[in-house]
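Have a look at the structure below, then the notes.
What follows is calculated from the coordinates using simple rules that are stated; it is not laboratory data. Since this is a predicted model, take the numbers as computed values, not measurements. In this analysis, Cβ positions are derived from the backbone assuming ideal geometry, glycine residues included, and neighbour counts consider all displayed protein chains.
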Amino acid sequence: MKKPDDMNFLIVDDMDNMRRSIRAMLKLIKFGKHYFEAVNGREAWSFIDTGDSPIDFIISDYNMPVMSGTELLNKLRASKKWRDVPFLMITANANIGVVAEAAEHEVDGYLTKPFVTGSLEQKIKELLNNANNPSPFAAHLKKARDLAEAGDFDKAAVELTQAIAVNPRSSRPYRELGMIFLKRGNYSKSLAAFQKATSINRIDVTSFHHMGQIYCKLGKINEAMESYTRAMEISPRHFDRAIKFAKLLLENNKKAEAEKVFKLVMRNLTDDFDLKEDIAEICMKNELFVLAVRIYREILKQDPERFYLNRLLGISLYHEGSISEATTILEKAVGKSEEDVELMLYLSRAYIDMGIPMRADKWAAKVVRIDPKNKMAREILDKIG
């Protein structure tokens with residue numbers, strides 16, 4: 001690995017003053033030949049993956065819009081080309097969620113804001129020393145990783161066993177063993193390894209997540225729920241993990257349990273309106289209309305520009321049983337799209353339910369004018385007489 005003064009540093013932070021401050025510190029300690037900057041993880045990854053200048057060291061903020069520091073780290077660790085680049089995470093506070101999330105993606109180290117030049121220098125030196133002089137424990141883990149990727153799981157397991165002998169207090173070798181057994185379909189050994197990992201490290205979120213997967217495959221829904229809930233409590237930002245679990249619950253006809261998971265996600269989800277829309281759509285498809293209504297209301301309150309969601313809110317309200325409110329919202333929504341046959345049919349059915357046949361007739365007749373062969377509209381008209 002290059003010497004610090006000959007390295008290309010990438011500084012990733014959404015705050016201009018923070019990027020400038022880190023750059024000034026690096027220049028003061030004479031670390032870095034070239035400095036590059038990115039305002040979020042996505043921009044950083046685009047630069048790394050397509051840029052002509054190889055990056056030797058990354059200093060990244062944890063909390064950023066568009067793509068967070070841990071999401072960037074995850075992409076790096078998944079890339080054979082870039083996964084060994086030293087990664088220093090900068091955090092506003094090192095709470096359990098931050099530590100667990102960073103550890104899950106094998107962060108090399110982190111610094112808590114605010115920090116001084118001396119602290120940055122010491123941490124960079126520490127990370128570079130670890131990279132240049134890997135411990136026996138780190139060497140076994142790396143060799144196990146390479147063997148597992150080559151498909152030699154038996155030898156990989158031997159390396160992980162040796163890593164455990166070197167450092168029996170680390171959960172990581174047990175977690176890696178669990179993943180090897182999981183790939184081989186040996187659920188009992190995999191589960192035992194993940195359980196050992198979580199007994200050593202109660203915030204080993206990856207192990208809790210995989211335990212949830214295994215329990216679900218074994219049909220042990222209560223145990224799966226407990227494991228996934230624990231994973232979300234430790235690292236609530238992993239919404240994709242929670243949504244996958246909720247979908248598994250729905251596949252097993254566990255609607256009440258899935259609804260609890262979605263509610264847990266919504267408590268921790270802030271301004272990701274696209275993801276909120278996805279969750280609401282899943283709820284609608286699975287007849288969780290009360291929650292769908294709640295989510296659509298929340299989105300429209302926070303982002304009124306998404307007025308098109310009034311359509312789905314009205315439909316959800318109808319199925320929820322709030323017929324009168326549904327008609328009010330559906331009337332407004334249909335005004336935005338005068339050929340929305342589905343909305344007109346909902347309005348017609350709603351007015352029948354409310355005992356207002358004249359309005360039901362009005363909307364059913366409009367549907368027939370647009371689609372003369374529409375069976376449902378003709379049935380409504382025949383019913384009204």
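What to note about this one:
- Close amide H partners of Leu111, meaning residues 5 or more places away or on another chain with modelled amide H under 5 Å apart, are Met89, Ile90, Thr91.
- Test item: Cα-centred dipole of region 270-337, Lys/Arg +1 and Asp/Glu -1 on Cβ, debye: 260 debye
- Reachable lysines, given that their alpha-carbon falls under 19 Å from the alpha-carbon of Lys383 and they are not under 8 places away in the same chain: Lys362, Lys366, Lys373, Lys375
- Residue-by-residue Karplus 3J(HN,Hα) for region 50-67, coefficients 6.51, -1.76, 1.60, Hz, glycine and proline x: 10, x, 7, 9, x, 9, 9, 7, 10, 10, 10, 5, 7, 9, 9, x, 6, 8
- For Phe245, Phe115, order by how many other beta-carbon atoms lie within 10 Å, fewest first: Phe115, Phe245
- Counted residue by residue at 0.36 nm each, then reduced by the alpha carbon distance between them, the extension gain from Asp278 to Arg359 reaches 25.9 nm.
- Loop-located trypsin sites (Lys or Arg not before Pro) in region 124-176 (DSSP state other than H, G, I, E, B) with a sparse environment of at most 11 neighbouring Cβ atoms within 10 Å: Arg169.
- Using every pair of distinct Cα positions in region 270-337, the Kirkwood expression returns a hydrodynamic radius of 11.7 angstrom.
- Nitroxide proxy distance, nm - points 7 Å out along Cα→Cβ at Asp303 and Glu331: 2.9 nm
- In the chain, helical runs assigned H by DSSP with n ≥ 4 each contribute -39500 (n - 2.57); averaged across all residues and rounded to the nearest 500, the mean residue ellipticity at 222 nm is -21000 deg cm²/dmol.
- Order of Phe31, Phe87, Phe57 - criterion: other Cβ atoms within 10 Å of each residue's Cβ, fewest first: Phe31, Phe57, Phe87
- Relative compactness, region 4-132, computed as alpha-carbon Rg over 2.2 N^0.38 Å: 0.94
- Among Phe273, Ser337, Asn310 the positive-end extreme of the charge dipole of region 270-337 (Cβ point charges): Ser337
- A Förster distance of 25 Å, applied to the separation of the beta-carbon atoms of Ile29 and Asp240, puts the FRET efficiency at 0.05.
- Euclidean distance of C-alpha centroids, region 254-277 and region 128-147, integer Å: 39 Å
- Gain upon complete extension [Ala192, Lys80; 0.36 nm per residue less C-alpha separation]: 37.4 nm
- Normalised by 2.2 N^0.38 Å, where N is the number of residues, the alpha-carbon radius of gyration of the chain equals 1.28.
- Ordering Glu277, Glu176 from the fewest to the most neighbouring beta carbons within 10 Å gives Glu277, Glu176.
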